[in-house]
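The structure appears below as structure tokens.
The values are calculated or read from the model by the stated rules, or taken from the named source; none is laboratory data. Treat the numbers as computed from the prediction; the structure is a model and nothing was measured. Positions of Cβ are generated from backbone atoms using ideal geometry, with glycine treated the same way; all protein chains shown enter the neighbour counts. We work out accessible area using only protein heavy atoms, side chains counted, and drop any ligands, DNA or RNA first. Shrake-Rupley method; radii C 1.70, N 1.55, O 1.52, S 1.80 Å.
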Amino acid sequence: MRKHFTRLFLALLAVLLVTACAAEPTRLPAPPTPEATAACPVTAPNGKTPPGEQPSAAHYGNEALVTVLWPNGTVLVQADQVERDGTLGMKFPWWRLMPGVLSIEGRRLDAVAPPLRAQITDGYGDRGLQATRLFFPAAGCWQVTGKLGDASLTFVTRVVRAAP
């Protein structure tokens, strides 16, 4: 019985997280200028939808991993998502389409910066939805790679701090 409630709780939590992550932010970033696009070649979503999920043009994935990309390739970080040290944090859902342990790494492409840090929540089993939070040390152009066993998924995104 306890196992049933735990699974039910995790399923409900997953639905809430997916809904929160998939919803478009209240203030969308302006479409990038041609100069900004050239400076940060953001990845376009490919529509790869995880099994059992509603199709979304924001999905990006392959045979092993799927995530959700932000509109116009720009992660808009609100003030309440900025850590005390200035690190910009944002939730990203990942779906593991095969069993394995997810790891995430990332590097800034347009300037020197420490690598991004990933918080990967336990308790999701070895496949399916995996909640994560990525911490970008600075705004800029970032390459993010999720790894699952020998498979990986890489995307490029622009990270911007919203105006107060």
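Taking the condition of being part of a strand (DSSP E or B), closer than 19 Å to V42 by Cβ and open to solvent by less than 30 Å² (accessible area, probe 1.4 Å), how many residues in the stretch 89-131 meet it?
6
Return the residue satisfying two criteria in turn: it lies in the stretch 140-149 and is open to solvent by 40 Å² or more (accessible area, probe 1.4 Å) and either modelled with pLDDT of 95 or more or closer than 16 Å to L69 by Cβ (or both), and of such residues it is farthest from the chain's Cα centre (by Cα).
K147
Please work out which residue is farthest from the chain's Cα centre (by Cα), limiting yourself to the stretch 76-116 and to residues that are within 12 Å of W142 (Cβ to Cβ) and among the charged types (D, E, K, R).
D110
For the stretch 38-86, name all the residues that are more than 17 Å from T154 (Cα to Cα) and part of a strand (DSSP E or B).
Those that are more than 17 Å from T154 (Cα to Cα) and part of a strand (DSSP E or B): L76, V77, V82.
If you go through the stretch 59-75 one residue at a time, do you hit one that is open to solvent by 80 Å² or more (accessible area, probe 1.4 Å) and at pLDDT 95 or above?
Yes, some residue in the stretch 59-75 is open to solvent by 80 Å² or more (accessible area, probe 1.4 Å) and at pLDDT 95 or above.
In the stretch 150-164, how many are of a type outside the set (K, R) and open to solvent by 40 Å² or more (accessible area, probe 1.4 Å)?
6
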